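The values are calculated or read from the model by the stated rules, or taken from the named source; none is laboratory data. Here the structure is a predicted model, which means the values were calculated and not measured. Don't worry about glycine lacking a Cβ; one is built from the backbone with ideal geometry, like all the others, and counts go over all protein chains shown.
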Amino acid sequence: VFIEATVDEVLHTIFEAFVLVLLVVYLSLGTWRATLIPAIAVPVSLIGTFIFMAPFGISANTISLLSIVLVIGIVVDDAIMVVENTERVIDEEPDLSVPDAVAKAMSQITAPIIAITLVILSVFVPVIFIPGITGQLYKQFAVTVSCSMLISALNALTLSPALCAVLLHREEKSQKGLVPWVMRQIDKGRDGYSAVVRRLVRHSSLSILIIAAVIAAAVGMNKITPSGFLPDEDQGIVMVDVQLPEGASQDRTIDILKQVFEVVHSHPAVQNVMGVAGHSMIGGSGANFGMMIAGLKPYEVREDKSMQIQALLAYLQPRLGRIQGALVRPFNMPAIPGIGSASGFDYRLQNAQGETPQEMEKVMFKT
């Protein structure tokens, strides 16, 4: 349920991002003909990305799909550059035919398109070679973004110019309505930005002070911002680990589990509860161990913060801690199976031939 809900939310986000990108592009370019060219670049780049994901062993998971959401707003940039420069040449040189204007425009921006793509790749490609579990996680993100950018650049150098030659033409642009007003505001913002940059260039000492202040603020914020490897996710399940003293009977463990059941089942977010005596998710197996799995109600029923998993854990911890005769600990499922306090594997090295501790240490590091 958690995986299906997560993928469904990401797919909705992809659709919403695509619609918003088209709306912004239309308001910026002003005509549906010009908007259609970047709009075509999005599915072309995304479909091509999915083709290249399989050889790298990347599935359609939350990380790769979230990177798709990110690149939707990036892959249109190259196509927008082609459209805007072509329209500029068409307006400034009326003697040129549209195909000739496209050819001249492409001769001016081919190198910048390649340069922009290489700059973005220089950021993401090194991420592929990060070692360890961090590299395994971010490799999918880096490969997806890199493939999308390469296909976007190829599209801008081939398909987008052809579409410009077919779809764009000379026309009188209206100065009334929402779109012309938005374009005038964009021009004002551009002119204001240019004026600020010119002033900063003339006062280089002030520019250096501003850059130093920004860097200092970034370093300071990095130090005070909480950090973590992976964020906690509400997966619709809460685990409860129960450990009694050594030598406790299974009947006593079952009595404790009944008390745990009453506490867990009392919260309105819990839908069903299952308990197991004789096994622990953390401590192993034995008569003095127990565990409980609480399935939560569907996400659409638990939209309120008091019904979400963090609130549930805050509710359970003090109440379960008051149970006498056992150590009872509720915890959330790890964000990734195998990475957490209740997953993974045990490693045991046995000395069967009388080796010294130093020799055992060498063997341990080799394995």
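May I ask you to verify whether Val21 is surrounded by fewer than 20 Cβ atoms within 10 Å (Cβ to Cβ), modelled with pLDDT under 85 and either within 30 Å of Gln140 (Cβ to Cβ) or touching a Gly at 6+ places or on another chain (Cβ under 6 Å) (or both)?
Values: surrounded by fewer than 20 Cβ atoms within 10 Å (Cβ to Cβ): yes; modelled with pLDDT under 85: yes; either within 30 Å of Gln140 (Cβ to Cβ) or touching a Gly at 6+ places or on another chain (Cβ under 6 Å) (or both): yes.
Criteria met by Val21.
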Legend entry - Counted residues, segment 26-57 - those being β-branched (Val, Ile, Thr) and at pLDDT below 85: 1
Inset, instruction - Could you tell me whether Ser59 is assigned to a helix (DSSP H, G or I) and among the small types (Gly, Ala, Ser)? - result: no
Inset, instruction - Give the residue, chosen from Ile68, Ile37, that is in contact (Cβ under 8 Å) with a residue 40 or more places away in the chain, crowded, with 18+ Cβ neighbours inside 10 Å and closer than 17 Å to Gln140 by Cα. - result: Ile68
Legend entry - Among the residues listed as Val21, Val102, Val83, the single one being within 20 Å of Ile186 (Cα to Cα) and in contact with a Cys (Cβ under 7 Å, 6 or more places away or on another chain): Val83
Inset, instruction - Could you figure out which of (1) at pLDDT below 85; (2) assigned to a helix (DSSP H, G or I) isn't true of Ser343? - result: (2)
Inset, instruction - Give segment 285-299 a look and list any residue that's of a type outside the set (Ser, Thr, Tyr) and surrounded by 16 or more Cβ atoms within 10 Å (Cβ to Cβ), or say none. - result: Gly286, Ala287, Asn288, Phe289, Gly290, Met291, Met292, Ile293, Ala294, Leu296
